[in-house]
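Worksheet for the structure shown next.
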Amino acid sequence: MMSKDSGHDKDCFGANSKNIFTDRMAFSSTIDAMFFLVMISIAAVILLPSIMADNQYDAAGYTAIQEFDTHILESLLSSNADEFEYEIAPLAVVNISIPSNSITQGPMKTLFGKEQNHRTFSDIVAESMALNLMMENNGSRVYLNPISKEHSTATTAMMQSYLDSKIGGRYNYRFEAHWYPVSGFPLGSDIIVGDTPPHDAIRQNTKLTLPFIFVASKNDILETVNDSVLADALGSSSNETMRAVLYDGFNDSLDTAARGSAEMIVGSIFPSEHLNSLNKNASGMQSDQLGIISTPGGADTLDPDLVIAAYLLNYTANTVVGLDIEIPVDIILSDMVSMVEQELIDAMQEQIAFQLKTDMSDEINSTINGIIDSSDFGSAQSLRDVQVESIYRRVNGGGVDIELMLWQ
């Protein structure tokens, strides 16, 4: 019985072995697979140079647009604008009308139409940044100098015309210039030309220096937490007293920094020197005959420069500062100019100081804790110096941030 089963198993094995060796389908499938792999390899050899060339083309294109972006930005800031014209005081702003046949059309153009030749683009951008400072107020932006809006419009149009001529439709572009004198404080100016860029746009950045000097020096900010103040604080009998002395000292430093920044900002946009030169009364200005225009109310003749000055003073005092006064159009006195300028500086300082104290509260508290816990006077000085440097950087950012972006 066992012998018979063994024979049956042997026959089955023999039959199966014979089927494998006589079936040619297996060899055919193997040859097809090998042929397919050979064809794939040949195709890869043929297409590989093309694939590598595409990558090389992409890399070359990226390098080319990056170099072009750098060239355009450099030439933009160093080239001269052959002609740049704007109206520094649009008459509609001050509600003055001129008859169509008025002989004052020429004098008005001379007085308020400003045409400047052979100035660099960087000069014009810097000037626009200074003239067009705006303050965020309840979701809207208020110009600090309302009669210079045309400068921003003219600058934007000039930049767009230049970039269109240089780029010539080869690339899409966006040019941005931003100046915020105090970091984190909602007062600044912007120029934006072009479309919204994609995330992979080529970007070139630079900084444009403005001809303004921060009024408060780093030593001024340091004065209220100088070595004597620091020594007095560290010599206090309790941590609470030490903390109070240091806290008051750094708060005074923030006030000093805010004052310096406010004076620099107001000095850049408030034309006190020009306004003081208009210290004259109605009879005096009528005799000057600088240009006769008609007002909507009647036939009164007024000096246009004086009308603009009165408008600027009233705008600054009431719209920007928030006072409720009226400065007459027929008389501008030096004490009026000084009063409005001082009110503007005080209001600006108060707002900047509030912002600085809010934003830097945690940082200053951490510095005070470090000074209290310091092991020696030298360590306390180092912590103090780092904090003073941080305050100085917040109110003295350096200049205008400029960025040019290109993409295909």
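Numerical summary
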item: Pair L234, I213: separation of 7 Å Cα→Cβ label points (nm); result: 3.4
item: Å³ per residue enclosed by the Cα convex hull of region 131-181; result: 98
item: Distance histogram in 5 Å bins (all Cα pairs of region 129-217, percent per bin); result: 2, 11, 18, 22, 19, 15, 9, 4, 1, 0
item: Debye intensity ratio in log₁₀ form over the Cα atoms of region 295-408, taken at each q of 0.12, 0.15, 0.19 Å⁻¹; result: -0.73, -0.85, -1.01
item: If the convex hull is drawn through the Cα atoms of region 160-266, its volume per residue in Å³; result: 165
item: Whole-number percent relative contact order across region 300-408, with pairs defined as alpha carbons under 8 Å at least 6 apart; result: 16
item: Cα convex hull volume per residue for region 222-272 (Å³); result: 57
item: Coordinate range along principal axes, alpha carbons of region 332-399, Å, largest first; result: 60, 24, 19
item: Relative contact order of region 199-276, defined on C-alpha pairs under 8 angstrom at six or more residues apart (%); result: 39
item: Length-normalised contact order for region 147-273 - Cα pairs under 8 Å, 6+ apart - percent; result: 21
item: Rough spin-label spacing in nm, given labels placed 7 Å along Cα→Cβ, for S366 and E85; result: 5.5
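Bear in mind that the values in this text are calculations on the coordinates, not laboratory data. Note that the structure is predicted; figures quoted are calculated from it, not measured. In this analysis, Cβ positions are derived from the backbone assuming ideal geometry, glycine residues included, and neighbour counts consider all displayed protein chains.
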